[in-house]
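Participant: Pasting a structure here, questions to come.
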Amino acid sequence: MKQSSSSPYIQLVEKGLAQVMEEHAFLIRAFVDVLRSKGEEKAALLIQSDFKEIDSLNDACVQAISFSFQLLNLAEEHVANSIRRTREAQLGISAERGHWGDYLNRLKEAGFEPQIVRKKLGTIEVEPVFTKHPTEAKRWSVLDLHREIVRLLKKREEIRTNHEGEHLTSRIRAVLERLWLTGEIYLDKPKVEDELNNLLYYLSEILPTVFHRLDNNLRYAWQVIWPDEAPLEYPELPYIQFGSWVGGDRDGHPFVTAEVTEEILGKMRYSAIDILKARLKNLSQQLSLNSKYCDCPAELSAQLKIWGNIEPGLEPWRDFVDLLIDKLDELSAAEFKNHLESLGRWLKSVNAHYTAGFYLDPLLRLFDCIGFHLARIDIRQNSDFYEKALSQIMEAAGIEEAESYQEWPEDRKLTFLNRELTTPRPLTHPSTKLP
């Protein structure tokens, strides 16, 4: 069905295209100022003329062209998000295809009862996997500068005075100068450590800031679509965790060894602990509840005495979180989660339900996602290693010709493996002692 030019969708598209052009022009003006400050007049003229002033290109010109297209992408990224919010405000939460409001509304229109949807949401498991691609050459420091530019474009929408506008333009120039002097790609082939740094950038810098927002989007969409239903609680939300190939692709990366995998697992654990400690410190600052206005629960008082041999002070909830930070390295994942859940009960026992929901539940959700490991590593190994290990297991089980398993024809391997998989205890000797 053809949309008319007066369609709200078409109007928003036209508004978005115009906004992209305006924001890109703003970034280009600031970029030209930076180029001229560096004495790159030829590159500045090339960019200012929209590539019309071209005779020959030096290295600065080539880099400037790349920057120009990057700035266009950043403008498009910011405007796409801005228009999406406008579209939701004008046309409703179900207008954005692929978002929770759209899916929940379609389920409602299809006749699904909210109780059924609520029950199923809690069973959903999502695991995005970070693959490693040699073609991804951007450094995390460059990606961080890109994010800063997008944040400044968003802040530009809030400008009210000339002074604010001039100050923001100066900040944009400063970021663009840093970007120009940083260098956008690795000069050498990325190493496993570089791949890990990129992964940690996303998991440490991006994930914690957006995780709570994802849950809020779902909860808000639920309330809009089913306003008479109780809000979604923390345990009813989909389960999310992350996977990664970095440090586990031993079949395709000659420098990924067992030692490298072990080292990366250790670094990811340290990163997860650092993230949790930072979140706990924020939580401590937020839990300023005073025992003069809400009685300290007996269980909380007892735990403070066990950990710190201290009597509850004016802010026992904050004291508990501070001690939890100190104890974090000694706790198992199950113990840490139990302590967080206990804190939730103590907050709710003094009717601090909003505090528990807004400040503590996001930390619980984040911990469910990253645990003490940050992300799971997919271990992949060359088939020769698998077959060698399988041959050794077969030999231990007393299977005939096990030592030559790697030379077996494909059909014989399949017949043998399929037969073994139908048994309750595959690849075991009749005399093997089993648990």
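Participant: Can you report the principal axis dimensions of the range 342-382 using only the alpha carbons, biggest first, rounded to whole angstrom?
Facilitator: 57, 16, 8
Participant: With a cap of 14 neighbouring Cβ atoms within 10 Å, and only residues DSSP puts in a loop, list the trypsin sites (Lys or Arg not before Pro) found in the range 146-250.
Facilitator: Those satisfying the criteria are Arg160, Lys191.
Participant: Return, for the Cα atoms of the range 33-149, the radius of gyration and Dmax in Å, separated by a comma.
Facilitator: That works out to 22.7, 68 Å for Rg and Dmax.
Participant: Something else now. Over the range 146-305, with every protein chain in place, what whole percent of the accessible area is carbon and sulfur at 1.4 Å, could you tell me?
Facilitator: C and S atoms contribute 51 percent here.
Participant: Here's another thing I want to ask about it. May I ask you to list the aspartates and glutamates whose Cα is less than 15 Å away from that of Lys327, ignoring any residue fewer than eight positions away on the same chain?
Facilitator: Asp274, Asp319, Glu335
Participant: Roughly how many Å is it from the Cα centre of the range 332-349 to that of the range 49-110, as a whole number?
Facilitator: Computed from Cα coordinates, the inter-centre distance equals 41 Å.
Participant: For the chain, what relative contact order do you get, as a whole percent, if you take Cα pairs closer than 8 Å and at least 6 residues apart?
Facilitator: Relative CO of the chain lands at 15 percent.
Participant: Under the rule a/c < 1.5 gives rounded, and otherwise a/b versus b/c splits prolate from oblate, where does the range 217-367 land using the Cα gyration tensor?
Facilitator: oblate
Participant: Could you work out the helix-only [θ] at 222 nm for the chain, with each DSSP H run of four or more residues adding -39,500 (n - 2.57) and the total divided by the number of residues, to the nearest 500 deg cm²/dmol?
Facilitator: -20000 deg cm²/dmol
Participant: Check which residues have an amide H placed less than 5 Å from Ala352's amide H, if you skip close sequence neighbours.
Facilitator: Distant-sequence amide H within range of Ala352: zero hits.
Participant: List the trypsin sites (Lys or Arg not before Pro) within the range 29-124 that DSSP assigns to loop and that have no more than 15 neighbouring Cβ atoms inside 10 Å.
Facilitator: Lys38, Lys52, Arg97
Participant: Moving on. Please list the non-local residues whose amide H lies under 5 Å from the amide H of Arg250, H modeled 1.01 Å from N, same-chain partners needing a gap of 5 or more.
Facilitator: HN-HN under 5 Å from Arg250: Arg380.
Participant: Another question about this same structure. Charges only on Cβ, +1 for Lys and Arg, -1 for Asp and Glu: so what's the dipole of the chain about the Cα centre, in debye to the nearest 20?
Facilitator: Roughly 1240 debye for the chain.
Participant: Which aspartates and glutamates does Lys42 reach when only Cα atoms under 14 Å apart count, and residues fewer than 8 places away in its own chain are ignored?
Facilitator: Asp33, Asp50, Glu53, Asp55, Asp59
Participant: Using Cα-Cα distances under 8 Å and only pairs 6 or more residues apart, what relative contact order does the range 343-435 have, in percent?
Facilitator: 20 percent
Participant: Mind putting together the pair-distance distribution for the range 147-231? All Cα pairs, 5 Å bins, whole percent per bin, short to long.
Facilitator: 3, 11, 11, 12, 14, 13, 13, 10, 7, 4, 2, 0
Participant: If I compute solvent accessible area with a 1.4 Å probe over the protein chains, what percent of it on the range 323-435 is carbon and sulfur?
Facilitator: Ligands and nucleic acids excluded, carbon and sulfur give 53 percent.
Participant: Now for a different question. For the range 194-297, what does the alpha-carbon gyration tensor say about shape, rounded, prolate or oblate, given a ≥ b ≥ c as the root eigenvalues, a/c under 1.5 as rounded, and a/b over b/c as prolate?
Facilitator: oblate
Participant: Using +1 at the C-beta of Lys and Arg and -1 at the C-beta of Asp and Glu, which of Asn73, Ile149, Trp100 has the Cα lying farthest in the positive direction of the dipole of the range 69-172?
Facilitator: So the residue furthest toward the plus end is Trp100.
Participant: Name the residues of the range 209-242 whose amide N is less than 13 Å from a point 7 angstrom out from the Cα of Ser332 along the C-beta direction?
Facilitator: Inside the label zone: nothing.
Participant: Ignoring ligands, DNA and RNA, what accessible area per residue does the range 67-218 give at 1.4 Å, in Å²?
Facilitator: 60 Å²
Participant: Using only the Cα atoms of the chain, build the gyration tensor, take square roots of its eigenvalues as a ≥ b ≥ c, and label the shape rounded, prolate or oblate: rounded if a/c is under 1.5, else prolate if a/b is larger than b/c, else oblate.
Facilitator: Oblate, because a/c is 1.5 or more while a/b does not exceed b/c.
Participant: A further question on this structure: Find, among the GluC sites (Glu not before Pro) in the range 35-85, those assigned to loop by DSSP (not H, G, I, E, B) with at most 14 other beta-carbon atoms within 10 angstrom.
Facilitator: Sites meeting the loop and neighbour criteria: Glu53.
Participant: Now, a different point. Could you sort out which of Lys119/Lys348; Lys52/Lys191; Lys154/Lys281; Lys277/Lys305 sit more than 31 Å apart by Cα distance in this structure?
Facilitator: Beyond 31 Å between Cα atoms: Lys52/Lys191.
Participant: Right, something else. Looking at the chain as a GNM with Cα springs under 10 Å, which of Ala258, Ala356, Ala402 has the largest mean-square fluctuation?
Facilitator: Fluctuation is largest for Ala402.
Participant: Given a 1.4 angstrom probe, I'd like the percentage of the accessible area of the range 1-115 that is carbon and sulfur, rounded to a whole number.
Facilitator: Carbon with sulfur: 53 percent of the solvent-accessible area.
Participant: Out of Val350, Val34, Val142, any idea which swings most in a Gaussian network model of the chain, alpha carbons joined below 10 Å?
Facilitator: In the Gaussian network model the winner is Val350.
Participant: Pick from Leu181, Leu328, Leu421: which is most flexible by mean-square fluctuation in a GNM of the chain where alpha carbon atoms under 10 Å apart are linked?
Facilitator: The residue that fluctuates most here is Leu421.
The values are calculated or read from the model by the stated rules, or taken from the named source; none is laboratory data. Treat the numbers as computed from the prediction; the structure is a model and nothing was measured. Here the Cβ is made from the backbone with ideal geometry for all residues, glycine too, and neighbour counts use every protein chain on show. The protein model used for the area step is the full one, side chains on, heavy atoms only, and it has no ligands, DNA or RNA in it. Shrake-Rupley method; radii C 1.70, N 1.55, O 1.52, S 1.80 Å.
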